[in-house]
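To start, the structure under review is shown below, and the notes come after it.
The values are calculated or read from the model by the stated rules, or taken from the named source; none is laboratory data. These figures come from a predicted structure and were not determined experimentally. No Cβ is skipped: glycine too gets one built from the backbone with ideal geometry, and neighbour counts run over all protein chains shown.
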Amino acid sequence: MSGRIQKSAAEQAHVAEAEQREDADRTAMRPPEGASPGHPERAGALAFCPHRMVDAVTQIAPEELKGRGIEGLILDLDNTLVLWRKEEMTEEVLAWLQALQQTGIQLCILSNSLFGKRSARMAERLGCHCVRGARKPGRRGFLRAMAEMKTSPARTAIVGDQMFTDILGGNRSGIYTIMVRPLHRREFIYTKFVSRPPERLLLRWFRKRGHI
Ligand SMILES: [Mg+2]
């Protein structure tokens, strides 16, 4: 009899714990109090359209992201933070990343490369998260980055220079997407000759319609 009572108490505790977890999950999906309700969904053709365009990452003010309720920022590497296949960041970019961290925004490098050690080295140096083998624009890498940072789509943003990987993947994952002008014209030959021309056309089209 007492065994059954004990089991029932244990079960109740288990249910209460599960309910508490559910409540916490629900809360986590909501933007924090005082923050804007979030960003508009980018579906259909607008899945290619960033929420915001900047000339350089340093134009993104940490306080502005914080004001939007952003708690985690996903970072593209090549031609966003560093030159293509390079590892050195400018002092300005480094200072910007540190300012983000000081504001309480977590960072996660999201890299399509599976075997390269560069992103892991950079993440270690910055003291931030890193997800490799992301296969952008697939959603899995974005979900892994959010799991690392323990953030929800409403509280996450990405900054990247490519529409068909960074922006499309970010929009498909429901996060706030910021497209940055590439740091340099030197890049992967496929990107240069296959991705960039339609990217330019679409950007012009989105601009004309006032989406960016
Ligand atoms: Mg890039």
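Some points to look at:
- Summed over region 181-193, residues that are outside any helix (DSSP H, G or I) and within 23 Å of the chain's Cα centre (by Cα) total 6.
- Residue ID - nearest to the ligand (Cβ to nearest atom), chosen from residues in region 175-186 that are closer than 18 Å to residue 113 by Cβ and modelled with pLDDT under 95: 183
- Residue that is surrounded by the most Cβ atoms within 10 Å (Cβ to Cβ), among those in region 143-174 that are more than 22 Å from residue 187 (Cβ to Cβ) and within 16 Å of the ligand (Cβ to nearest atom): 145
- Looking only at region 91-113, and only at residues there that are within 16 Å of the ligand (Cβ to nearest atom) and in a loop (DSSP other than H, G, I, E, B), the one that is farthest from residue 153 (Cα to Cα): 113
- Identity of the residue in region 59-77, of a type in the set (Asp, Glu) and farther than 19 Å from residue 140 by Cβ, that ends up farthest from the ligand (Cβ to nearest atom): 63
- Selection within region 128-180 - within 11 Å of the chain's Cα centre (by Cα), in a loop (DSSP other than H, G, I, E, B) and within 22 Å of residue 97 (Cα to Cα): 151, 152, 175
- Test for residue 196: is it surrounded by fewer than 23 Cβ atoms within 10 Å (Cβ to Cβ), assigned to a helix (DSSP H, G or I) and away from the ligand (no atom under 16 Å from the Cβ): no
- First in region 150-163 and basic (Lys, Arg), second anywhere and more than 16 Å from the ligand (Cβ to nearest atom) and not in a strand (DSSP E or B), Cβ under 7 Å, 6 or more apart: 155/31; 155/69; 155/70; 155/71
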